[in-house]
1. Tally time: how many residues in the range 310-321 are surrounded by 15 or more Cβ atoms within 10 Å (Cβ to Cβ) and either at pLDDT below 95 or under 19 Å from A223 (Cα atoms) (or both)?
2. If a residue has to be of a type in the set (V, I, T), part of a helix (DSSP H, G or I) and over 19 Å from W39 (Cβ atoms) to count, how many in the range 196-223 make the cut?
3. Checking the conditions here, which among T268, T302, T240 is buried (at least 23 other Cβ atoms within 10 Å of the Cβ), farther than 20 Å from D59 by Cβ and hydroxyl-bearing (S, T, Y)?
4. In this structure, does V110 turn out to be in the same structural domain as A236 (by TED's automatic domain parsing), under 16 Å from L198 (Cα atoms) and touching a Ser or Thr at 6+ places or on another chain (Cβ under 8 Å)?
5. Here is a list: A307, A324, A254. Which entry is hydrophobic (A, V, I, L, M, F, W, C), surrounded by fewer than 19 Cβ atoms within 10 Å (Cβ to Cβ) and assigned to a strand (DSSP E or B)?
6. Would you confirm whether or not the range 37-48 contains a residue that is out of contact with any His (no Cβ under 8 Å at 6 or more places or on another chain), free of Cβ contacts under 8 Å to residues at least 40 places away in the same chain, crowded, with 21+ Cβ neighbours inside 10 Å and closer than 29 Å to P297 by Cα?
7. Wholly within the range 124-194, which strands (runs of 3 or more DSSP E) include no fewer than the required count, namely at least 1 residues that are within 15 Å of the chain's Cα centre (by Cα)?
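The values are calculated or read from the model by the stated rules, or taken from the named source; none is laboratory data. All figures in this text were calculated on a predicted structure; none of them were measured in a lab. Neighbour counts are summed over all protein chains in view; Cβ atoms, including those assigned to glycine, are modelled from backbone coordinates with ideal geometry.
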Amino acid sequence: MALSPSPLLNSPGAAPAPEESGENDAVNRLRECDSAVAWHYGDPLREQRDAVQKVAVVDRSHRFVIAMAGEERLSWLHTISSQHITDLPDGGSAENLSLDVNGRVEHHFVLTDLAGTTWIDTEAATGPALLDFLKKMVFWAKAEPRDGNELAVLTVLGPDAANVLDELPTTDYAALPLPGGGFVRRMPSLGTPTFDLLIPREQLTEVWQRLTDRGATRAGLWAYEALRVAALSPRAGIDTDDRTIPHEVGWIGAAVHLDKGCYRGQETVARVHNLGKSPRRKVLLHLDGSAEGRPAPGDPVTADGRAVGRVGTVIDHFEYGPIALALVKRNVPVETTLVAGPSAASIDPDSVAEDNEPQAGRLAVERLRGR
């Protein structure tokens with residue numbers, strides 16, 4: 001389900017996302033939703049540079065928003081999702097996941113609890129399904145999930161954000177109410193300070209104009225996606241597939257709390273964390289810019305003709321050139337020469353975290369076996 005196209009698409013220079021039609025239906029649905037906002041405003045590489053060095057604002061009003069009232073909203077959501085949120089303070093935020101019974105990722109979302117309402121924003125393509133799931137899971141809890149798309153998302157990026165924002169939360173995931181309604185939330189850095197504004201949708205053009213009048217560069221979704229990929233921040237549905245577990249994409253800790261009670265998929269999360277390692281891991285690929293084409297999300301990553309992974313988001317970065325996120329088999333050495341779709345590719349060694357520490361559960365099993 002795509003929301004109505006943003007009114008900011010009518011801004012001078014606004015260019016919609018290019019039409020793509022690959023073989024991956026899930027990715028196609030996400031890209032269709034992306035077309036509701038501008039891909040760039042005429043100079044995409046400068047837009048990225050300003051987001052890193054100055055300040056830029058990105059229209060992300062295609063995000064699907066859910067609102068939830070009810071005095072048991074947090075304790076109830078805690079029981080059906082991966083994050084520990086029972087003690088979330090007013091103005092607190094968190095990333096969260098909904099998993100299937102096998103621990104595979106179904107939904108990734110960000111939530112903020114403020115003034116008696118929990119606000120959730122997620123992918124437009126899967127937002128209605130998440131809302132439907134939440135409604136079906138309420139039973140007798142005092143929680144009331146509903147469509148919350150009266151709010152829309154803008155994202156401000158850059159070290160000069162204080163020049164354009166009146167309210168500036170100082171810690172990640174902290175949120176402050178805005179005088180005109182909605183709130184501003186600080187998110188983890190995408191290589192530059194990052195703030196989400198959830199504002200009344202009817203104020204979208206007004207707030208956008210105010211931010212740009214104060215010096216924010218108009219930046220398209222291309223800029224946001226490029227910084228996200230360079231920061232190794234995955235996007236559900238593009239950088240994940242129907243087999244992805246949280247460990248593979250770095251969501252343990254960020255969106256999964258390991259010290260909480262039972263929830264759907266928890267057994268897989270605990271077993272992999274304590275006794276094993278995920279079969280794949282997230283990496284950043286540098287692509288050969290001279291290749292005749294670029295890979296598409298879902299294309300295979302191969303080594304010596306053998307499939308060893310899948311491509312996720314592919315993007316042109318203002319400093320690094322063509323890059324992509326990918327899931328590759330854990331046993332593939334970092335120095336391996338790879339092919340991603342039609343392009344030669346190499347793994348950025350800085351994108352691979354060392355994971356040689358043995359798990360506590362594995363050590364306990366070995367002690368019991370007398371090793």
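1. Adding up the residues that qualify gives 8.
2. 1
3. T240
4. Judged against the criteria, V110 is a match.
5. A307 is the lone residue from the list that is hydrophobic (A, V, I, L, M, F, W, C), surrounded by fewer than 19 Cβ atoms within 10 Å (Cβ to Cβ) and assigned to a strand (DSSP E or B).
6. no
7. 151-157, 183-187
Okay, residues lined up against (1) in the same structural domain as D160 (by TED's automatic domain parsing); (2) at pLDDT below 95; (3) over 30 Å from P169 (Cβ atoms); (4) in contact with a Pro (Cβ under 8 Å, 6 or more places away or on another chain):
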residue: S11; (1), (2), (3), (4): yes, yes, no, no
residue: E32; (1), (2), (3), (4): yes, yes, yes, no
residue: Q48; (1), (2), (3), (4): yes, no, no, no
residue: S61; (1), (2), (3), (4): yes, no, no, no
residue: E71; (1), (2), (3), (4): yes, no, no, no
residue: I85; (1), (2), (3), (4): yes, no, no, no
residue: P89; (1), (2), (3), (4): yes, no, no, no
residue: G92; (1), (2), (3), (4): yes, no, no, no
residue: L99; (1), (2), (3), (4): yes, no, no, yes
